[in-house]
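Rule-based calculations on the coordinates, nothing more; no lab input. From a predicted model like this one, the values you see are computed outputs, not experimental measurements. Cβ coordinates were reconstructed from backbone atoms using ideal geometry, including for glycine residues, and neighbour counts include every protein chain displayed.
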Amino acid sequence: MNQHPDYLLNKINGPEDLKKLDLKQMEKLAEEIRTLILEKDAVEGGHLGPDLGIVEATIAYHYVFNAPKDKIVWDVSHQTYPHKMLTGRALAWLDPDHYEDVTPYSNPDESPYDYYAVGHTSTSIALATGMAKARDLLGEHENIMALIGDGSMTGGLAFEGLNNAAIEKHNLVVVVNDNQWSIDENVGGLVTALKKLRDSNGETEENPFKAMGFDYRYVADGNNIKDMIDAFEAVKDVDHPIVLHINTLKGKGYKPAIDNEEAHHWVMPFDLKDDKTTVPAPEGPTASSIAIDGVIKHINNGEKIMAINAAIPGVFGLDKIKNEYPENYTDVGIAEQESVAFAAGAVKEGAVPVLFENSTFLQRAFDQLSHDVAANDLPVVMMVANGGISGTSKTHLGVFDQVMISNLPNWIYLAPTTLNEEKAMMDWAIKQRKHPVAIKMPSKPVPVGEEVTADFDQIKYQIKPGKKVAILALGDFYELGKKVADKLGATLVNPVSANILDKEALDKLAADNELIITLEDNILDGGFGEKVASYLGTKVKVINYGQKRVYTDQVPLQEIYKENHLTVDQIVEDVEKTL
């Protein structure tokens, strides 16, 4: 039920209703929006700091411009909760029964006010520049705007976009939302440039945007609705490219989010009374803690280890290394391409780089994984987190890393089934200096397991014998394979690697069984199972289980499993029918 029937927001069905409000009412509306963001995030989790900081700018935008004819491209789009509330989707915050009605990122399937499904960073300027050029070609005249955070500005595509935006012949506005923060602290030379602009109220001669050819305006208080309305009215219908630099406060209106920006960029469900998460912390070691402890052990051994990540230390718990071993730590900003090329440079000079990458963001670095690392066969070590089938937004799926990396020459992709196996794989990968090695960190609960002493120079399958059916269960789907094997009395195999086959073991499994099953927590096309099936050919029947090559979008995980026959009962039934 609607928790706030008296809210002004109930009367806002679109920007045309917003335009009827006076300044005092808009300030009340901003308070309502903040309250609703906090209430929903406390229940569901979600992006918090970015949305709290952009409220006034969003209200001002929709007051001044004529969306959806005038177009705004939200970079990353994790700051679009206020935008969604003002464009007909407020019920998804007003009424807890409708919390699931909208996705957490911009989504054209949801609304004509959204132009792209966007969840990765630095793309907005390039997208908006393409839109502006097409508008010119079609003889149209609407306003085109990109809104990009300073964190997103550290990504290479943002610079590429600016380079082309600067020569647009007609209207194009780039709003730089400068809250002095990213997911973590901002890094690099851009921090210096933006600080000089803020400190001089936009007056410094050292203005990188003017140097590129942009007109430039500065707003000292981007959380002041009147100032933002004036700024937007001043740039509306301009006939040239312009940068509007706005200084905002990330987390505005919620003191814990201001005091600790990193922890409140994205939050799990929490208690509004004390700001403490209501999600129990995992007991014992985790895939991340094993990886961090491993890096620290090798640093303390005197090895020249470099832990490298692209702006998401919190995903891995890297703050411990960042704070205690700063010389062994580099955050390159939101720039996955840079992180991989940086690691390639480091390894060539004799260091041992350990890259920490999130599966869904890794696709941004595909060229470097191939051209800089694989083609040069450089022994970079890469820990890949959150790979696997999930119920997240289609912009944040983790089902592509395995297929990307496994099909490049020279890369070895290992998939541990226990935490001790992850530890052993990491130790071996750091010690060997022959090839690049990626390790798919378990994203589902896996046991600690027994100590592992094996090296991985040769991939040898670990086999627990059974009858008639052999189940090759990769990585953290080994636990699923175990349940199926127990029901069928089948052979259970840990294949160890997603892309290097133990052909001797496969030949024996084919000779000893009527059916081979492969299980992988990834898309099937180009995956592990297809490699097995291709090698075995006509020797034995093979059934591959994983996810179909589709984009799921906020679909509950159990639904995805059922759709892909990834439940124990479905697999058992399939096997019994086949036999």
query = Using the Cα gyration tensor of segment 477-534, with a ≥ b ≥ c the square roots of its eigenvalues, what is the shape: rounded (a/c below 1.5), prolate (a/b larger than b/c) or oblate (neither)?
reply = oblate
task = Tell me which label goes with the value of volume of the Cα convex hull per residue in Å³ computed from the coordinates here: (i) 179; (ii) 168; (iii) 267.
result = (ii)
remark   = Relative contact order in percent for segment 290-376 (Cα pairs under 8 Å, 6+ apart) equals 32 percent
task = Using packing as a proxy for protection, rank 109-121, 204-216 so that the peptide with the highest average count of other Cβ atoms within 10 Å comes first.
result = 109-121, 204-216
Residue 567 paired with residue 376, simple spin-label distance in nm, labels 7 Å along Cα-to-beta-carbon = 5.0 nm
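Which order results if 200, 77 are arranged by neighbouring Cβ count within 10 Å, fewest first?
Least crowded to most crowded, the residues run 200, 77.
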key: Neighbour-count ranking [beta-carbon atoms within 10 angstrom, fewest first] of 277, 103, 330   = 277, 330, 103
note = Descending packing, highest mean Cβ count within 10 Å first, for 86-96, 295-305 is 86-96, 295-305
Average Cα contact separation per residue, segment 9-121, under 8 Å, 6 or more apart, as relative contact order % = 29 percent
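For residue 212 and residue 448, what does the FRET efficiency come to when R0 = 60 Å and r is the distance between their Cβ atoms, rounded to the nearest 0.05?
With a Förster radius of 60 Å, E is 0.65.
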request  = Specify the angular offset, from 0 to 90 degrees and rounded to the nearest 10, of the alpha carbon long axis of helix 225-235 from the longest principal axis of the alpha carbons in the chain.
outcome  = 90 degrees
note = Counting only backbone N atoms under 16 Å from a point 7 Å out along Cα-to-Cβ of residue 27, the residues of segment 214-245 in range are 221-230
ask   = With a ≥ b ≥ c the root eigenvalues of the C-alpha gyration tensor of segment 441-552, is it rounded (a/c under 1.5), prolate (a/b larger than b/c) or oblate?
value = rounded
request  = From the P(r) of segment 203-352, can you give the percent of Cα pairs sitting at distances over 23 Å?
outcome  = 61 percent
request  = Sum -39500 (n - 2.57) across every DSSP H segment of at least 4 residues in the chain, then divide by the residue count to get the 222 nm mean residue ellipticity, nearest 500.
outcome  = -10500 deg cm²/dmol
remark   = FRET efficiency (residue 11, residue 363; Cβ distance; R0 35 Å; to 0.05) is 0.25
ask   = Each residue of segment 483-497 in turn: what ³J(HN,Hα) in whole Hz from Karplus with 6.51, -1.76, 1.60 and θ = phi - 60°, glycine and Pro shown as x?
value = 5, 5, 4, 4, 6, 9, x, 8, 6, 10, 10, 9, x, 6, 10
query = Near residue 245, within a Cβ-to-Cβ distance under 9 Å, what is the net charge of the other residues, with Lys and Arg +1 and Asp and Glu -1?
reply = +1
request  = Kindly work out what percent of the DSSP beta bridges joining two residues of the chain are antiparallel, to the nearest 5.
outcome  = 15 percent
remark   = Between residue 19 and residue 273, the two model label points (7 Å from Cα along the beta-carbon direction) sit apart by a distance in nm of 4.6 nm
ask   = How long is the gain from residue 237 to residue 134 if the chain were fully straight, where each residue apart is worth 0.36 nm and the alpha carbon distance is subtracted?
value = 35.4 nm
Separation of the residue 323 and residue 538 label points, Cα + 7 Å toward Cβ, nm = 6.4 nm
request  = State the Cα centre-to-centre distance between segment 281-337 and segment 32-106 in whole Å.
outcome  = 33 Å
note = Amide H proximity to residue 521 below 5 Å, modelled H, separation 5+ or other chain, gives 477
query = What percent does the relative contact order of the chain come to when contacts are Cα pairs within less than 8 Å and at least six residues apart?
reply = 10 percent
note = In degrees, nearest 10, the alpha-carbon axis of helix 124-137 is tilted away from the dominant principal axis of the alpha carbons of the chain by 60 degrees
note = segment 446-520 and segment 153-210 have their Cα centres apart by a whole-number Å value of 51 Å
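Per-residue counts of other Cβ atoms within 10 Å, averaged by peptide: what ranking do you get for 467-478, 247-258, highest first?
Per-residue Cβ counts within 10 Å, averaged per peptide and sorted highest first, yield 467-478, 247-258.
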inquiry  = Quick check: the angle from helix 568-578's long axis to the longest principal axis of the chain, C-alpha only, nearest 10 degrees?
reply    = 50 degrees
query = How much length is gained on full extension from residue 164 to residue 185, taking 0.36 nm per residue of separation minus their Cα-Cα distance?
reply = 4.8 nm
